[in-house]
Amino acid sequence: MKTLCIISCGKTKIWNKNPKAGPTKAESAYIGNFFNKCREYATKFYSKSWCILSAKYGLIFPDELIPGPYEATFKNPKTNPITLKELSDQIIEKGLNEYQQIVIIAGKAYADIARAVFHSKKILTPLSECKRNGYMMQKLNESIKRGVHL
């Protein structure tokens with residue numbers, strides 16, 4: 001079964017640390033601890049089939065360029081996040097519809113969005129029982145250390 005891993009973007013971005021960073025590859029644009037751990041998990045277990053869910057840009061591949069700083073979140077509609085229709089269009093445009101199984105490594109808000117647009121696929125949300133980021137990080141750390149998928 002062909003599997004795609006989707007991780008959520010992060011609030012802390014390279015431009016918070018270095019405002020002159022300029023356009024940056026998505027895999028390096030987000031620099032928070034939770035994002036870094038999710039990226040480590042994705043690259044370990046799904047090295048050729050993972051992407052990032054951004055509230056501004058939608059489903060982005062690790063090597064896609066993010067032009068600069070932004071603030072958008074699915075948790076706040078006033079930040080004008082990407083729509084479900086736009087995300088659904090991206091699935092077709094980017095060839096993501098070829099995956100039968102979707103593994104979502106994200107908090108509830110982002111997992112719910114991914115689940116909504118990939119509703120016809122088999123969805124796994126291994127962090128859904130975790131109530132806080134600390135528990136998610138612990139679960140990811142254990143999985144990576146043991147070399148076993150969540």
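Per-structure values
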quantity	calculated
Filter result for the condition that a residue is closer than 15 Å to Ile7 by Cα and at pLDDT 95 or above, over Gly95, Gly58	Gly58
Some residue of segment 129-143 being touching a residue at least 24 places away in the same chain (Cβ under 8 Å), farther than 24 Å from Trp15 by Cα and not polar (S, T, N, Q)	yes
Selected residue (criterion: farthest from Ser49 (Cα to Cα)) from residues of segment 90-128 that are touching a residue at least 40 places away in the same chain (Cβ under 8 Å) and exposed (fewer than 14 other Cβ atoms within 10 Å of the Cβ)	Lys122
In segment 3-34, the residues that are within 11 Å of the chain's Cα centre (by Cα) and under 15 Å from Ala72 (Cβ atoms)	Ser8, Cys9, Gly10, Ala26, Tyr30
Residue in segment 90-104 that is more than 30 Å from Lys131 (Cβ to Cβ) and among the aliphatic types (A, V, I, L, M) present	yes
Contacts under 7 angstrom Cβ, first residue in segment 74-89 being within 18 Å of Ala111 (Cβ to Cβ), partner part of a helix (DSSP H, G or I) and of a type in the set (Val, Ile, Thr), 6 or more apart	Phe74/Ile113; Leu84/Val117; Leu87/Val117; Ser88/Val117
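The values are calculated or read from the model by the stated rules, or taken from the named source; none is laboratory data. Worth saying up front: this structure is predicted, and the values here are computed from it rather than measured. FYI the Cβ positions are ideal-geometry reconstructions off the backbone, even for glycines, and counts take in every protein chain you see.
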